[in-house]
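The values are calculated or read from the model by the stated rules, or taken from the named source; none is laboratory data. Just so you know, these numbers come straight off a predicted model, no measurement behind them. FYI the Cβ positions are ideal-geometry reconstructions off the backbone, even for glycines, and counts take in every protein chain you see.
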Amino acid sequence: MNSHLDGEFFLNLSCVNSQTTRPHLAFKNEASARANTAGTINALFDIFIRRLQSLPPSDLQRPCIMKNNLHNLKRIHVLPQDHNFMMELFMESFNEFNTDPNVKLILTLTKFGQKQEEPLTIAELVAVRRRVCCRCERAAMSRVVKKRQADPKVVQYVWSAIKVIRSQKQIANMDRISKYLSRVYGMHPKETSRQLVLAVKDGLVVETLTVGCKGSKAGVEQEGYWLPGDEMEQMSEGNKDWEKESHDWYCFECHLPGDVLECDICFRVYHLRCLTDEFRPRDTTSHWQCAVCRGSKRRNFTKQEMIIYLRFILARMKERAIDLHKRGKETKQAVYRRLIHTALDVDNIQENISEGKYKNFEEFKADAQLIVHNTAILHGARSDQTEIARLLYNDTCHELNELMLCRNCFHLSNARPDNWFCYPCVPSHELVWARMKGFGYWPAKVMQREGNQVDVRFFGHQHQRAWIPSDNIQEISVNVQQLQVKRSSGWKKACEELELHQRFLREGRTWKGHTDERQDEAESSISSTSNEQSKSSQEPKSKKSRRSQPQESKEEEPEPEVEAVSSSQEIPTATPHQPERTSVSTQTKKSPSSSSSPAPRMLHRATQTLNEGSCQNMCHDKYTKIFSDVKEMMKAENKRETERVLKEALDKLRVEMEEEKRQAVSKALTNTQTEMERKCKQVKEKCKEELMEEMKKLVNQHKQVISQTKKKQWCYNCEEEAMYHCCWNTSYCSIKCQQEHWHADHKRTCRRKR
């Protein structure tokens with residue numbers, strides 16, 4: 001377990017079993033690493049630091065140990081002359097520490113790049129402790145898989161270079177690719193060479209030996225690079241292992257290549273450095289799941305509720321997703337699918353929502369994050385496209401947080417029925433008077449509380465949200481006169497909305513969306529069906545036996561109802577040519593003495609026919625009523641389903657129409673902007689031409705003026721136009737100037753003949 005101290009030394013600390021010959025065998029799992037290393041070294045350093053702080057004054061005068069540094073636990077240097085002293089002190093601390101006799105502490109100090117021991121130099125003991133505690137990564141390292149190594153952004157640069165070079169009928173060799181990337185993207189040739197070698201290893205660029213056919217390289221073999229999927233690759237390798245890859249090639253957190261950790265459930269991979277301690281693997285035997293798969297096990301709402309809520313969030317996502325994927329059709333080519341393992345866009349998310357594939361919100365959130373991941377791979381982690389995708393993901397997370405905070409508020413704020421803010425939620429929100437800075441008290445609902453801050457949503461026209469200090473919150477029961485508010489029209493409307501909300505609270509009136517109505521209808525239909533079943537089970541068994549009597553044996557026991565009807569007389573045995581008479585003969589086998597009297601037999605037939613007819617009418621009425629109720633219920637259900645389908649179709653048409661309208665407006669704006677730019681360009685060119693013409697005129701006028709000026713003579717004294725010539729280079733405008741200049745200077749230099 002190595003800890004880099006001060007840029008020059010390594011402090012090697014390990015704690016292993018005495019019988020172990022090689023220290024690395026102690027790190028079979030995290031439990032042994034924590035038990036045998038981290039805990040021992042932590043306790044040992046605690047004792048060591050306390051012993052340093054309790055040194056006598058004579059030892060504290062050493063140049064390497066200063067009391068203020070000991071109290072602050074900053075830097076502690078041990079110079080070579082104090083090496084033995086510090087080691088003895090450290091060993092005393094180790095002996096004082098009651099460690100396991102089977103555990104052996106190994107402490108050495110080596111200089112970076114060397115093997116010999118050097119004088120002990122300990123810098124920042126607390127930092128050393130923290131680093132030692134966190135170096136239990138042996139179990140995670142054994143699960144790391146080597147994936148791609150080339151930067152996907154640089155790979156796309158190389159692809160563009162190869163396309164340009166190949167389009168010029170040239171061999172895309174290292175020199176040409178390096179010059180192109182240096183000229184277009186400003187990449188250093190060494191970095192280009194390194195990334196190109198990695199891209200070849202990753203299978204993203206195909207390297208071949210090509211013979212030159214023209215120029216100075218004609219007939220000379222040279223290395224050439226091809227795009228994956230070209231005919232040269234089909235001749236050389238031609239495999240498509242990238243399509244069979246089960247996991248992504250790039251870290252889902254930083255979107256870069258390297259040695260990654262694969263999730264055992266999904267396709268995502270992560271760098272160890274990108275994982276927090278909570279999600280790092282504990283040992284090599286158990287399965288490891290990423291944060292997305294761990295969170296996707298929870299169910300949030302029912303399937304129908306999920307579809308309704310996710311459609312609201314999807315509508316917000318579409319607003320952000322308009323500017324995504326501006327690279328057009330080229331990103332859909334096969335060569336780009338080598339970079340994107342799992343392609344996904346907003347349209348795919350909409351299909352998944354319609355098909356009800358999302359079991360919880362974590363899966364939906366993961367798909368939004370996948371859009372960020374794919375965009376970062378194609379455009380770069382710091383590109384404008386990736387920033388838009390991150391904004392889309394942040395908006396999605398915000399909407400999900402709002403949904404988890406209160407689903408009633410979320411549904412109503414998106415559905416926007418009449419008086420939507422007045423309907424109470426379940427559970428209802430606390431009502432308060434809230435005051436923002438610079439405003440008066442205003443009625444509001446409390447959404448959540450965090451410490452001294454309260455998240456409220458105000459009544460009124462816009463229903464704004466704000467975090468208000470708890471000092472600016474008053475209970476709704478406080479008298480309005482004490483608040484001293486300005487009763488504006490907006491405040492009055494907010495109070496009216498508050499009164500309506502309070503009335504709904506008193507009446508117990510809540511908003512029921514389509515999901516609640518369907519649940520209530522399902523519950524009512526289930527309860528009505530169960531009631532009918534219970535009623536039918538409570539009926540006498542004779543009614544049930546009458547329906548099945550023609551199919552049953554004649555040796556059944558007599559029903560109580562029939563015995564009650566025919567108990568006042570003896571019933572003779574009759575010929576069983578009708579189902580009713582069969583039941584009667586079955587009941588009258590006990591009285592054979594009555595078989596000789598025909599008159600009672602005729603009387604019984606009349607009575608039996610009357611009773612059976614009335615019973616049949618009762619059964620017919622009962623089942624007719626049941627069938628009519630079921631028919632009405634099915635009609636109502638069919639009507640509701642038809643209305644739902646129509647509403648969904650209308651919503652879909654409305655969304656499509658809005659999308660077409662938005663596209664038409666966008667197209668019109670684009671055309672208008674293009675036309676304006678064209679007009680502006682024409683005006684600029686015209687103005688430029690006029691300016692050039694005007695400048696030419698001014699230049700010509702200036703030349704003419706200069707020419708006329710050169711043809712004139714000028715007074716040597718006052719520089720006005722001259723009239724009197726004196727000598728070869730001297731003239732004057734007046735006699736006064738001539739006299740002044742003559743007496744001042746010219747009489748000594750004048751060359752005119754006298």
What is the one condition in (1) assigned to a helix (DSSP H, G or I); (2) out of contact with any Phe, Trp or Tyr (no Cβ under 9 Å at 6 or more places or on another chain) that Leu344 does not satisfy?
-> (1)
Within the bounds of the stretch 705-717, is there any residue that is assigned to a helix (DSSP H, G or I), out of contact with any helix residue (DSSP H, G or I) (no Cβ under 8 Å at 6 or more places or on another chain) and within 30 Å of Arg320 (Cα to Cα)?
-> no
Starting from the stretch 721-742, take each residue that is closer than 18 Å to Lys753 by Cα and list its partners that are among the basic types (Lys, Arg) and surrounded by fewer than 19 Cβ atoms within 10 Å (Cβ to Cβ), counting only C-beta distances under 8 angstrom and pairs at least six apart or across chains.
-> Cys726/Arg752; Cys727/Arg751; Cys727/Arg752; Trp728/Arg751
Filter the stretch 622-646 for residues that are touching a residue at least 12 places away in the same chain (Cβ under 8 Å) and basic (Lys, Arg) and give the result.
-> Arg640, Arg644
Identify all residues within the stretch 197-215 that are in a helix (DSSP H, G or I) and over 21 Å from His379 (Cβ atoms); write none if there are none.
-> Val197, Val200, Lys201, Gly215
Inspect all residues belonging to the stretch 623-645 and state whether any of them is within 30 Å of Ala415 (Cβ to Cβ) and either among the β-branched types (Val, Ile, Thr) or at pLDDT 90 or above (or both).
-> yes
Is it the case that the stretch 283-295 has a residue that's loosely packed, with under 14 Cβ neighbours inside 10 Å, of a type in the set (D, E, K, R), modelled with pLDDT under 85 and out of contact with any Cys (no Cβ under 8 Å at 6 or more places or on another chain)?
-> no
If we ask which residues in the stretch 474-502 are basic (Lys, Arg) and either touching a residue at least 12 places away in the same chain (Cβ under 8 Å) or closer than 28 Å to Asn452 by Cβ (or both), their number turns out to be 2
Tell me, please, whether a residue that is of a type in the set (Phe, Trp, Tyr), part of a helix (DSSP H, G or I) and touching a residue at least 40 places away in the same chain (Cβ under 8 Å) can be found in the stretch 387-396.
-> no
